[in-house]
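The structure appears below as structure tokens.
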Amino acid sequence: MLDIVAVFLCITAVLAFFNRRYVGLPSAIGVMGIALGLSLLNMAMDAMGFHALHSLEQSLVESIDFSELLMQGMLSLLLFAGALHVNLSELRAYRWQVASLAVVGTTASTLIIGYGLWALLSLTSLELPLSYCLVFGALISPTDPIAVMGILKSAGAPKSVELVIAGESLFNDGVSVVLFSLIVAMIASGEAPSVMGASQLLLLEAGGGAILGAAVGYATYLMLKSIDSYQEEVLITLAAVLGGYALATHLHVSGPLAMVVMGLIVGNQGRSYAMSQQTEKHVDMFWELIDEILNAVLFVLIGLEVVLIQFSNPLITTGLFVIALTLLSRLLTVGLPIRLLGQRFRLPSGSWSVLTWGGLRGGISVALALSLPAGDARDVVVSLTYLVVIFSILIQGMSIGTLVKRVIPCAGPR
């Protein structure tokens with residue numbers, strides 16, 4: 001395991017260096033783009049008869065359980081780090097906007113994409129049960145703020161737009177995991193859950209995760225408040241995240257939502273009343289580094305995973321239509337409500353297009369797809385997920401900054 005970790009860290013460091021030194025793209029987009037390009041080149045060489053490097057990359061990527069690594073390791077750290085820097089008082093001012101987009105929007109998106117994919121597949125040679133179409137809808141609906149936030153800041157996007165995108169992304173991860181678990185449980189049991197059963201599961205997982213996050217977050221706050229030593233305080237936050245997520249897993253409540261609530265409590269209550277200036281500086285620096293390093297590793301892994309995907313012409317064609325379907329769903333569940341209720345959302349004109357195009361899909365979608373039981377249905381879901389994620393990060397991520405400057409008045413570098 002140590003050798004595998006060392007290899008991936010070295011690969012990530014080299015690609016991050018080349019991106020910073022020669023390419024100049026935002027970190028997450030750059031390292032993933034380079035990794036993807038090298039993987040595609042490797043696949044082309046394999047097709048020409050040079051098999052050694054392709055076999056090496058394939059065995060290396062297969063040695064990592066991407067789903068296990070992200071869902072049981074990296075996700076807790078990434079979500080806590082993201083929530084740690086969200087100003088709760090500012091987020092509270094947009095609480096109903098974020099809640100409606102994260103809960104109602106994610107649920108509606110799951111249904112639109114799921115049933116839309118089912119209808120689309122009836123016109124192709126690919127086969128996928130309706131239940132797996134809904135699984136795809138659940139796992140592809142959550143958005144990933146990692147790649148887009150830095151671009152929005154450099155483009156001068158209004159703070160309100162950044163806040164709504166970040167808040168929605170932090171909470172819809174938890175909502176989508178609950179929906180995904182519900183549908184997968186339905187597939188395993190062979191029975192459709194009742195409305196009451198589904199509501200109870202949603203309340204247990206989501207509500208239980210939020211309560212656990214609040215409890216662990218408050219306990220962490222009390223510990224931080226009682227001492228003033230940044231070494232121990234950084235250690236306490238790290239232990240709270242890893243221990244809290246493990247506890248959520250054993251209690252069968254939503255770990256992602258628990259991490260978001262913990263991050264909001266420590267980042268706001270803890271920052272205001274429990275941390276000295278020196279402690280705050282070191283805690284922020286530690287979690288920013290954790291965030292940057294894990295994001296770089298995550299996006300390199302996404303780029304390298306292409307060697308395990310079995311593509312075909314019908315699948316690629318269907319994937320292009322599915323990309324359009326996910327964008328349409330984002331427009332209907334996010335863009336259109338903001339456009340029609342612009343005054344109530346209190347966002348600048350043009351924000352609807354930024355939130356539509358800026359809803360990037362990322363690692364959590366790939367991890368959920370890879371966690372499905374092996375079979376033909378899983379292979380189709382994984383391939384479609386990968387195509388959507390690659391388009392989302394490379395095309396949408398690289399163009400969102402230009403869109404912000406064009407459609408939002410006074411947007412520009414800060």
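Nothing in this text is a laboratory measurement; each read-out follows from the coordinates by a stated rule. Every value quoted in this text rests on a predicted model; they were computed, and no experiment measured them. Cβ atoms come from the backbone with ideal geometry, glycine included; neighbour counts cover every protein chain shown.
DSSP H helices in the chain with Cα extent of 20 Å or more along the helix axis and mean Kyte-Doolittle hydropathy at least 0.0?
Helices passing the filter in the chain: 2-18, 27-47, 106-121, 159-189, 208-226, 230-251, 277-304, 313-330, 376-391.
Exposure proxy check: 45, 71, 32, 186 ranked by fewest other beta carbons within 10 Å?
Ascending number of Cβ neighbours within 10 Å: 45, 186, 71, 32.
Express in whole angstrom the spacing between the alpha-carbon centres of region 1-27 and region 155-177.
27 Å
Projecting each Cα onto the charge dipole of the chain (Lys/Arg +1, Asp/Glu -1 at the beta carbon, about the Cα centre), which of 353, 201, 41 comes out farthest on the positive side?
353
Give the separation of the Cα centroids, region 60-88 to region 328-371, in Å.
Taking the Cα centre of each part, region 60-88 and region 328-371 sit 22 Å apart.
Out of region 1-106, which chymotrypsin sites (Phe, Trp or Tyr not before Pro) are coil in DSSP terms and have no more than 12 other C-beta atoms within 10 Å?
Answer by residue number: 50.
Which is the longest part of the chain that has none of the GluC sites (Glu not before Pro) sitting in a DSSP loop with at most 14 other Cβ atoms within 10 Å?
Here the longest run is 192-414.
At 222 nm, what helix-only mean residue ellipticity would the chain give, in deg cm²/dmol to the nearest 500, using -39500 (n - 2.57) for each DSSP H run of four or more?
So the helix-based figure for the chain works out to -23000 deg cm²/dmol.
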